[in-house]
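First the structure, in the form of structure tokens, and then the observations on it.
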């Protein structure tokens, strides 16, 4: 595998990683900001208040995004198998 092919493969792997991780990370960000704003507005300073809603929201998003993540990983694995078979 030459240098440009390795860089292309790494770029594709990073994009697949972002496709898989982005829904959960963006959900955690949105829920955290929302609850932080509510805490600031109501002046409730409970540190553990963020964790339960954030965990539930991430779990639901992962359930919804699981088929998309599986499809992205399957495409990457097909790409890997094709590259291995080519050499």
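Once the stretch 1-29 is narrowed to residues that are without any contact (Cβ under 8 Å) to a residue 12 or more places away in the chain and over 30 Å from residue 84 (Cβ atoms), the residue that is nearest to the chain's Cα centre (by Cα) is 25. Checked against the criteria, residue 35 counts as without any contact (Cβ under 8 Å) to a residue 24 or more places away in the chain, in a helix (DSSP H, G or I), surrounded by 12 or more Cβ atoms within 10 Å (Cβ to Cβ) and out of contact with any strand residue (DSSP E or B) (no Cβ under 8 Å at 6 or more places or on another chain). Candidates 68, 49: the one that is within 30 Å of residue 1 (Cα to Cα), surrounded by 11 or more Cβ atoms within 10 Å (Cβ to Cβ) and in contact with a helix residue (DSSP H, G or I) (Cβ under 9 Å, 6 or more places away or on another chain) is 68.
Where a number appears in this text, it was derived from the coordinates with a stated rule and is not lab data. All of these numbers come straight from a predicted model, not from anything done at the bench. Reconstructed Cβ throughout: ideal geometry from the backbone, glycine too, with neighbour counts over all protein chains shown.
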